[in-house]
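Engineer: For reference, the structure I am asking about is given below.
Every read-out reported here was derived from the displayed coordinates using simple, explicitly stated rules and does not represent laboratory data. Fair warning: this is a prediction, and the values are worked out from it, not measured in the lab. Ideal geometry is used to build each Cβ from the backbone, glycine not excepted, and the neighbour counts take in all protein chains shown.
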Amino acid sequence: MQVNVSGLKDIKEGEEVVLNGWLQEIRILKNISFIVLRDHTGTIQITSKPGLTTGYDVLSQMTRETVISVSGNLTRKTQSKSGVEVIAKSIEVLNASKSPLPLGIIDPVSADIETRLTNRFLDLRKPEVAMIFRIESELLWGMRQFFHDSDFVEVHTPKIVAAATEGGADLFPVQYFEKQAYLNQSPQLYKEMLISAGLNRVFEVGPAFRAEKHNTPRHLNEFTSIDIEMGFADHNDAMLMLQEGIKSGIRHLIAHRQEYIASLSQRIDVPEGDFPKITYRDCITKLESQGEIAKFGEDFTPEQLKIIGGEFQGFYFITEWPSSLRAFYTHPKPGDEKVSNSFDLQYREFEITSGAQRVHDPAMLEERLRSKNLNPEDFSFYLNAFRYGMPPHAGWGLGLERLSLIMLNLQNIREAILFPRDRTRITP
Ligand code: ATP
């Protein structure tokens with residue numbers, strides 16, 4: 001019977017099994033050899049003996065990370081730590097690995113991030129590295145389920161676009177036949193148009209491209225954006241959806257993958273209660289009280305965000321950002337238009353999400369475009385959607401890799417994406 005390593009716990013003493021995987025380690029003694037076979041669920045010791053195991057004579061030529069198929073009998077009469085091993089009847093090479101490996105899988109010396117990324121297919125064979133993506137997948141699955149159950153439609157908007165979402169120079173140009181096009185920075189304009197189209201609640205998980213030249217542990221040039229937009233809703237509704245979406249992702253992970261959680265060094269719990277909120281102005285007051293110079297209209301530095309984040313246990317919102325700091329589509333706060341109905345979700349000093357109530361009045365939108373030195377004519381495809389009945393609406397964009405970064409306490413966002421695109425890397 002073909003089984004995964006994790007399935008061996010349900011197999012009876014002496015029963016015959018077939019295991020497929022990689023040869024992680026091999027130790028050849030005089031009349032006995034030990035192999036550690038690894039598959040995507042774990043590792044198991046395989047014992048083989050001359051005369052008992054077909055293929056024994058080629059063991060001495062087998063290289064680490066060779067793909068093998070082992071058939072044999074399970075036994076719990078073993079000295080191995082896992083309390084179970086397989087006595088091999090046959091060991092077959094399915095595909096040999098070249099030697100030496102450019103990156104060790106079990107070597108205790110951990111390689112630098114560049115070597116790891118260059119050999120990402122090997123790096124990902126390390127269970128703790130693969131775990132990042134297993135957890136990411138579960139978090140996203142839980143969030144998807146929540147939005148689906150909350151009446152959101154999953155959509156897919158174009159990534160090749162004619163206009164910048166927010167203007168600015170942070171765009172990758174693409175030659176689109178005879179025209180100049182760009183890779184989209186964000187699905188913002190398209191998800192808003194879908195509110196005018198009457199879909200009412202949409203979400204999208206897809207790539208976002210930023211031609212930002214900075215090289216930091218929290219920026220990528222291509223990242224995965226989880227976006228929502230909801231009709232007949234404001235920033236408070238959007239914040240609630242974000243809070244509940246994140247909680248649902250974590251709840252799903254904990255409920256379905258206890259073994260993942262158990263393998264981590266840090267705790268993962270569903271946050272209790274509402275995420276606290278602090279206004280931008282109150283952040284300034286707080287910083288000033290600690291002797292920091294913080295001016296209205298300026299973004300906080302990472303050091304300042306550390307001070308603000310120090311006040312909170314986990315996730316918290318910074319609300320009412322200055323209108324001058326936010327994109328043209330951000331709705332000003334009625335009666336106090338220097339600030340806006342906007343928010344960022346933060347975790348310690350890290351920004352995880354930006355969101356807001358959006359401008360729905362076409363005249364106000366045109367005015368806001370002009371005030372940001374953008375030409376409304378460049379946005380006519382978008383503005384049209386506001387001229388024939390656009391509901392009030394709100395939404396946000398959450399960086400999946402930033403979420404993994406903070407949840408798993410990673411040092412560098414490149415660890416949270418399979419094949420990072422950064423200032424210098426476009427392969428693998
Ligand atoms: P930052 O100030 O950190 O550069 P931003 O204000 O440009 O981010 P938004 O455009 O508001 O970010 O994007 C919304 C979310 O998308 C962010 O909160 C973050 O989670 C994610 N994000 C944005 N830019 C990047 C990036 N370059 N790399 C990874 N994630 C990003």
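Engineer: Is there a residue in the range 369-380 that is assigned to a helix (DSSP H, G or I), in contact with a Pro (Cβ under 9 Å, 6 or more places away or on another chain), more than 15 Å from the ligand (Cβ to nearest atom) and in contact (Cβ under 8 Å) with a residue 60 or more places away in the chain? Please lay out each step first, then the result.
Structural biologist: If we filter the range 369-380 for residues that are assigned to a helix (DSSP H, G or I), which is where we start, we get 369-371, 376-380.
Filter once more, so that each one left must be in contact with a Pro (Cβ under 9 Å, 6 or more places away or on another chain): 369-370.
From what is left, the residues that are more than 15 Å from the ligand (Cβ to nearest atom) are 369-370.
Right, trim to in contact (Cβ under 8 Å) with a residue 60 or more places away in the chain and you get none.
No - not one qualifying residue is present in the range 369-380.
Engineer: Of all residues in the range 193-222, which are under 13 Å from PRO158 (Cα atoms) and more than 8 Å from the ligand (Cβ to nearest atom)?
Structural biologist: MET193, LEU194, GLU204, VAL205, GLY206, PRO207, PHE209
Engineer: Right, here's the next one. Where the second residue is exposed (fewer than 12 other Cβ atoms within 10 Å of the Cβ) and the first is touching a residue at least 60 places away in the same chain (Cβ under 8 Å) and lies in the range 8-21, which pairs have Cβ atoms under 6 Å and are six or more apart or on separate chains?
Structural biologist: VAL17/MET1
Engineer: A further question follows. Restricting attention to the range 43-70, which residues are in contact with a helix residue (DSSP H, G or I) (Cβ under 9 Å, 6 or more places away or on another chain) and among the polar types (S, T, N, Q)?
Structural biologist: Scanning the range 43-70 gives THR43, SER48, THR53.
Engineer: Continuing with this model, one more query. Could you tell me which numbered condition GLU337 fails, if it satisfies all but one of (1) touching a Ser or Thr at 6+ places or on another chain (Cβ under 8 Å); (2) surrounded by 21 or more Cβ atoms within 10 Å (Cβ to Cβ); (3) part of a strand (DSSP E or B); (4) not hydroxyl-bearing (Ser, Thr, Tyr)?
Structural biologist: (2)
Engineer: If PHE152 passes every condition in (1) surrounded by 21 or more Cβ atoms within 10 Å (Cβ to Cβ); (2) closer than 24 Å to LEU369 by Cα; (3) away from the ligand (no atom under 13 Å from the Cβ) but one, which one does it miss?
Structural biologist: (2)
Engineer: Another question, if that's okay. For the range 25-56, give me each residue that is of a type outside the set (A, V, I, L, M, F, W, C) and in contact with a Ser or Thr (Cβ under 6 Å, 6 or more places away or on another chain). I'd like the intermediate steps shown before the answer.
Structural biologist: Residues of the range 25-56 that are of a type outside the set (A, V, I, L, M, F, W, C), as a first pass: 25, 27, 30-31, 33, 38-43, 45, 47-51, 53-56.
Selection gives SER33, THR41, GLY42, GLN45, SER48, THR54, GLY55, TYR56.
Engineer: Residue under question is LYS81, and the condition is that it be assigned to a loop (DSSP other than H, G, I, E, B), charged (D, E, K, R) and over 19 Å from ARG27 (Cβ atoms); does it hold?
Structural biologist: No; evaluated as a whole, the condition is false for this residue.
Engineer: Right, next: Can you tell me which residue is surrounded by the fewest Cβ atoms within 10 Å (Cβ to Cβ) among those in the range 162-183 that are within 12 Å of the ligand (Cβ to nearest atom) and within 23 Å of the chain's Cα centre (by Cα)?
Structural biologist: Selected residue: ASP170.
Engineer: Test each condition in (1) within 19 Å of the chain's Cα centre (by Cα); (2) within 24 Å of ALA385 (Cβ to Cβ) for ILE246 and report the one that comes out false.
Structural biologist: (2)
Engineer: Considering only the range 260-270, I want to know if a residue exists there that is touching a residue at least 24 places away in the same chain (Cβ under 8 Å) and either surrounded by 21 or more Cβ atoms within 10 Å (Cβ to Cβ) or within 16 Å of the ligand (Cβ to nearest atom) (or both).
Structural biologist: The answer is no; no qualifying residue exists.
Engineer: Take the residues of the range 57-103 that are in contact with a Ser or Thr (Cβ under 7 Å, 6 or more places away or on another chain) and of a type in the set (Ser, Thr, Tyr): which is surrounded by the fewest Cβ atoms within 10 Å (Cβ to Cβ)?
Structural biologist: SER99
Engineer: Can you find, within the range 336-369, the residue that is farthest from the chain's Cα centre (by Cα) among those that are more than 22 Å from PHE381 (Cα to Cα) and of a type in the set (Lys, Arg)?
Structural biologist: If we take residues in the range 336-369 being more than 22 Å from PHE381 (Cα to Cα) and of a type in the set (Lys, Arg), then LYS338 is farthest from the chain's Cα centre (by Cα).
Engineer: Restricting to helices (runs of 4 or more DSSP H) lying wholly in the range 113-197: which have 1 or more residues that are touching a strand residue (DSSP E or B) at 6+ places or on another chain (Cβ under 6 Å)?
Structural biologist: Passing ranges, in order: 127-149, 188-196.
Engineer: Just the residues that are assigned to a helix (DSSP H, G or I) and away from the ligand (no atom under 16 Å from the Cβ), please, taken from the range 381-418.
Structural biologist: Hits for the range 381-418 are PHE381, TYR382, LEU383, ASN384, ALA385, PHE386.
Engineer: Which condition number does VAL359 fail, the rest of (1) within 16 Å of the ligand (Cβ to nearest atom); (2) aliphatic (A, V, I, L, M); (3) surrounded by 20 or more Cβ atoms within 10 Å (Cβ to Cβ) being met?
Structural biologist: (1)
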